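What follows is a short report on a single structure.
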Amino acid sequence: MVFLQVLIHKSMSDVDTCATSTPNFVDLVELTVISGNGGNGKISFHREKFVPKGGPDGGDGGDGGDIFLKATQRISTFLDISSKRVIKAGHGDDGSRRRQHGKRGKNSIVDVPCGTIVSSNGHILGDLTHDGDTVMVAKGGKGGKGNPHFSSSSNQTPRKATSGKPGITCQLRLELKIIANIGFVGYPNAGKSTLLKTLTQSNPKIGNYPFTTLHPNLGVLKHNNHELVIADMPGILERASEGIGLGNQFLRHISRTAVLVFVIEPTLPDVSDILSTLNTLKNELNTYDPTLLSEKKNLVVVSKTDVLSPSDLSTLQTILGDTSFIPLSCYWNNGIDALKDTLIKMVYDTNRS
Ligand SMILES: Nc1nc2c(ncn2[C@@H]2O[C@H](COP(=O)(O)OP(=O)(O)OP(=O)(O)O)[C@@H](O)[C@H]2O)c(=O)[nH]1
Ligand SMILES: [Mg+2]
């Protein structure tokens, strides 16, 4: 196992340099956004046969386009945006003769996943949690004024117009913190993704080897007229906080869940090792963020109990003592309904308190 950990650590060292990306999942990006310049106001005078001194008729410049970020459920990562480092909006057109105002610059609307926190220079500009939540991140420059604005009783032929204001350039940091009610945490290969698949309609990859899951999977549990979003996290190893395995880079995604479920595979022949697994997982969470455990409800699920004998099961009861846990088997469908009931109760009780 130690050898395996070293191998994994080594192969993941590339990932560490861009610590929150895998080929299909990006949860942190930096972007430059540049809103459009305003168009210039026009100086012009009405010219028409038999209409002498027609007066000023320069149009106003159009405003520059704005840039918005909009949350959508259609995507769950910044993968698409990560290839675009700069996002621009259109410039406003200049005003023209006969009071024709310039056209407004085209707005840019960038789709981001629900759960995106947008900040610039350390200031949070928006936390886009629900589908459709929108924030303007760069306003376009105002269009300039045409010369009719400067006409007065003492000056009927103003030769003055104003230029459009430039757009603004802003550096943004987008950080994704998945919105889910429940987070699954456990060692690699513990059966987390199998459990997600059993509880929800989702179809995560499952494999009999560690680190099958390389980024969080989401699923929706529908039970007794309730719906809960569950996030299945990549496996965590001892010393994840030091970068072992995938490290603790994905733990940000359980920061907004109400309930944490520790999915633990029983060890044979000595099932009592389960306690040290639980302590290791809790230690890793605490090292990452001590509030994760203190502020969230948690539950222990012992997976794969189909491999246990009745006497192993009673040993488990004894060693886990007061710790609230549910023994289950996805293969035999044991304990699944009890788990669904418990999760609904835990989440809705949390929402009420
Ligand atoms: N016997 C038994 N095996 C199970 C059960 N649930 C899952 N497994 C097996 O355990 C292995 C790992 O399952 P996964 O669901 O991929 O485990 P995981 O925790 O998501 O693994 P990572 O994504 O690598 O962290 C697979 O071979 C599953 O078929 C179960 O209830 N009983
Ligand atoms: Mg998995």
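The values are calculated or read from the model by the stated rules, or taken from the named source; none is laboratory data. Small disclaimer: the values here were computed from a predicted structure and weren't measured. Here Cβ is always computed from backbone atoms with ideal geometry, including for glycine, and neighbour counts include all displayed protein chains. For accessibility, only protein heavy atoms count, side chains too; no ligands or nucleic acids. Shrake-Rupley method; radii C 1.70, N 1.55, O 1.52, S 1.80 Å.
Quick rundown of the values:
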read-out: Angle between the chain longest axis and helix 336-352 axis [Cα atoms, degrees, rounded to 10]; value: 50
read-out: Under 14 Å, Cβ to Cβ, from residue 179 - net charge with Lys/Arg +1 and Asp/Glu -1; value: -3
read-out: Those aspartates and glutamates that a straight Cα-Cα span of less than 12 Å connects to residue 142, excepting residues fewer than 8 apart in one chain; value: 60, 63, 66, 93, 94
read-out: Degrees between helix 2-11 axis and first principal axis of the chain (Cα, 0 to 90, nearest 10); value: 10
read-out: Rounded to 10°, Cα long-axis angle of helix 274-288 versus longest principal axis of the chain; value: 20
read-out: Per-residue [θ]222 nm for the chain (sum of -39500 (n - 2.57) over DSSP H runs n ≥ 4, rounded to 500); value: -6000 deg cm²/dmol
read-out: Residue-count net charge about residue 299 - beta-carbon cut-off 14 Å; Lys, Arg +1, Asp, Glu -1; value: +3
read-out: Stokes-Einstein D for the chain, Kirkwood Rh over Cα pairs, 4 °C, 1.567 mPa s (µm²/s); value: 54
read-out: Extended-chain gain in nm, criterion 0.36 nm per residue less alpha-carbon gap, residue 123 and residue 47; value: 22.1 nm
read-out: Rg in Å to one decimal, and Dmax rounded to a whole Å, for the stretch 246-341 via C-alpha atoms; value: 14.1, 39
read-out: Share of alpha-carbon pairs per 10 Å distance bin for the stretch 179-352, given as whole %; value: 10, 41, 38, 10, 0
read-out: For the chain, share of DSSP beta bridges that run antiparallel, in % to the nearest 5; value: 55
read-out: Among 190, 161, 138, residue whose mean-square fluctuation peaks in a GNM of the chain (springs only between Cα atoms under 10 Å); value: 161
read-out: Surface share of carbon and sulfur [accessible, 1.4 angstrom probe, percent] for the stretch 46-152; value: 49
read-out: Cα Rg, Dmax (largest Cα-Cα span) when computed across the stretch 25-176, Å; value: 20.5, 69
read-out: Max mean-square fluctuation residue, GNM over the chain, Cα-Cα springs under 10 Å, options 142, 205, 53; value: 53
read-out: Spatial separation of Cα centroids for the stretch 119-151 and the stretch 33-83, in angstrom; value: 13
